Amino acid sequence: MTTNGAARRVSQFTLDNGLRLVSAPAATPQVAAVNLWYGVGSRHERPGRTGFAHLFEHLMFQGSGNVAKGEHFDAVERLGGDINASTSTDRTNYYETVPEHALDLVLWLEADRLATLREGMSQEVLDNQRDVVKNERRQRYDNQPYGTALERILRLGYPEGHPYHHSTIGSMADLDAADLDYVLSFHGRHYGPDNAVLTVVSNLDPADVRDRVERYFGAIPARPSAAEAPDAALTGPIGGPVRDHVVEAVPAPGVFLGYRTAPYGERDFDVLHLASAVLGQGQGSRLYRRLVLERGLAADDGGAAADLLPFRYTPSLMLVNMIAREGVSGDDLEAAMIEETEKLAEGVTDEELERARAVLERDHLQTLSHPSGLADSISACTQLFGDPELAYTWPRRWAEVTTDDIVDQAKRALVPENMLSVRFDPDDTEAGERPAA
């Protein structure tokens, strides 16, 4: 089946309570993927109350009115299914992939915790999961080499008080200050059927899927009042380069560059997405060939050295990051990375552009090849753009980009006055962190 043919089989329906349902055909028989995107992420948090969207990702598995703590996970895993959740700036996502015969069970579980989560909430549950999140912060951010790089980039790129100024994990102080009343009110403001997209990918008839969803979700009332979306507008250039220099116990110098770009969904975003693939995705990219192979300045860590952080409601970030090879200074690595990044403005070959298209399309098609990935992409395109079929047709946007487009955007965006830099240098004496340069 072609993706275009599958797109024509996408079915949409909105329940009376505002829940947006999308059903789509699965390439894998006898499997059902369920994906719920709630329109709440870290951008909806207030200063002093950061980390709550991610905290709720954990709390949603701690029991509800009719499901005990841990039973949601256990029920899905006993069936051999997959289950998980994630949080970003713009959404919180819950998803399961199960045998098709278990679809009713999963729909009931999701509906129950949407409708009755607050009945299962207690101070003990909150304290437990707050400690879990704080430990996650220690492991993934505070005690991980270069772990605070993204937080630092966000602080540099978005002013204090801006909804994208902080990361999804939140601060220790804000997590410590979380109280049960506020947690319950956060759920009431953001978790309602009118703030959700439910995607079901299966081989069931769309009318059958709709009847099942109506049965389990139809009686859940919409939120009494919708939470207001925060103002994420930004005007004017960054005024860079803006730098943060950190000295701590890292194995080698690390350089993390950021450039503010167009919001996710705009054509300029697509242009720079391709530019990032030319620059730093894969062993055929410029950064790998020139800084890893030819000049021996950067370590070969096997990951992408450039990519875009997609923000729908504010300028996104193009990130360029590399770790220095032994004996190479952070100054030399950073200068070389900036040089290669700015060279995009001097020209891009047709071969580089074709390779970049192939890299992005490969990743896109790999995502769609599995029911869970397809369901997630459809939920994203429905909630962010109101068009589930974009999940299938997005590569057309890359096909329209030219080498001149990339050069033009590089001249505008990949310039010193739009650059953020976070540098990590090893500290053998544990001298601590130096002030920002």
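Averaging sequence separations of C-alpha pairs under 8 Å and six or more residues apart, then dividing by the length of the chain, give the relative contact order as a whole percent.
Relative CO of the chain lands at 23 percent.
Can you check how the C-alpha radius of gyration of the stretch 331-437 compares to 2.2 N^0.38 Å, as a plain ratio?
Normalised by 2.2 N^0.38 Å, the Cα Rg of the stretch 331-437 equals 1.50.
Can you pull the semi-axes for the chain, root of five times each eigenvalue of the Cα gyration tensor, sorted largest first, whole Å?
Taking √(5λ) for each Cα gyration eigenvalue gives 38, 28, 19 Å.
Which value, in debye to the nearest 20, gives the size of the charge dipole of the chain about its Cα centre, when Lys and Arg are +1 and Asp and Glu are -1 at the Cβ?
Dipole magnitude for the chain comes out near 660 debye.
Let me see the pair-distance distribution of the stretch 64-169: every alpha carbon pair, 10 Å bin width, integer percents in order.
12, 31, 31, 21, 4
May I ask you to give the average projected area over all directions of the convex hull of the Cα atoms of the stretch 216-316, in nm² rounded to one decimal?
So the Cα hull casts an average projection of 12.0 nm².
Where in the stretch 147-169 does the amide nitrogen come within less than 13 Å of the point 7 Å from the Cα of Asp301, taken along Cα to Cβ?
Counting only backbone N, you get 147-150.
Karplus couplings for the stretch 292-298 from phi (6.51 cos²θ - 1.76 cosθ + 1.60, θ = phi - 60°), rounded to Hz, Gly and Pro as x?
Using θ = phi - 60°, the values come out as 8, 7, 7, 9, x, 8, 10 Hz.
Which Cα, out of Ala178, Ala306, Asn17, lies furthest along the positive dipole direction of the chain (beta carbon charges, K/R +1, D/E -1)?
Farthest towards the positive pole: Asn17.
Once the Cβ-Cβ distance between Glu214 and Ala358 is put in as r, and R0 is 51 Å, what FRET efficiency do you end up with, to the nearest 0.05?
0.75
Give the percent of DSSP beta bridges with both residues in the stretch 242-426 that are antiparallel, rounded to the nearest 5.
75 percent
What residue among His162, Ala75, His190 has its Cα farthest toward the positive end of the dipole of the stretch 3-217, where the charges are +1 on Lys, Arg and -1 on Asp, Glu, each on the Cβ?
The Cα lying farthest towards the positive end belongs to His162.
Please arrange Phe52, Phe13 by how many other C-beta atoms lie within 10 Å of their C-beta, fewest to most.
Phe13, Phe52
Per the helix-only calculation at 222 nm, which mean residue ellipticity applies to the chain, given -39500 (n - 2.57) for every DSSP H run of n ≥ 4 and division by its residues, nearest 500 deg cm²/dmol?
So the helix-based figure for the chain works out to -11500 deg cm²/dmol.
If you split all Cα-Cα distances of the stretch 242-426 into 5 Å bins from zero, what percentages do you get per bin, shortest first?
1, 8, 16, 19, 19, 15, 11, 7, 3, 0, 0
Mind sorting Glu214, Glu110, Glu57, Glu124 by how few other Cβ atoms lie within 10 Å of their own Cβ, fewest first?
Ordered from fewest to most neighbouring Cβ atoms within 10 Å, Glu214, Glu110, Glu57, Glu124 come out as Glu124, Glu214, Glu57, Glu110.
Taking the Cα centre of the stretch 242-426 as origin, work out the dipole magnitude from +1 charges on Lys and Arg Cβ and -1 charges on Asp and Glu Cβ, in debye rounded to 20.
180 debye
Where does the Debye-calculated log10 I(q)/I(0) of the stretch 329-392 sit at q = 0.13, 0.14, 0.24 Å⁻¹, using only Cα point scatterers of equal weight, no solvent?
With no solvent term, the Cα-only Debye profile gives -0.62, -0.67, -0.91.
Can you pull the three principal axis extents for the Cα set of the stretch 152-253, in Å, largest first?
Between the extreme Cα coordinates on each principal axis of the stretch 152-253 lie 58, 38, 35 Å.
At a Förster radius of 22 Å, what calculated FRET efficiency corresponds to the Cβ-Cβ distance of Leu234 and Arg267, to the nearest 0.05?
Computed FRET efficiency for Leu234 and Arg267: 0.75.
Taking R0 as 45 Å, what FRET efficiency do you get between Arg138 and Asp332 from their Cβ-Cβ distance, rounded to the nearest 0.05?
0.90
What residue among Gly39, Gly239, Gly63 has the largest mean-square fluctuation in a Gaussian network model of the chain, using Cα springs under 10 Å?
For the chain, modelled as a Gaussian network with Cα springs under 10 Å, the answer is Gly239.
Considering only DSSP beta bridges whose two residues both sit in the chain, what percent are antiparallel, to the nearest 5?
About 75 percent, rounded to the nearest 5.
Bear in mind these aren't lab numbers, they're just calculated from the coordinates by the rules spelled out. Computed from a prediction, not measured in an experiment: that's the story for all the values here. Note that we place each Cβ from the backbone using ideal geometry, even for glycine, and neighbour counts take in every protein chain shown.
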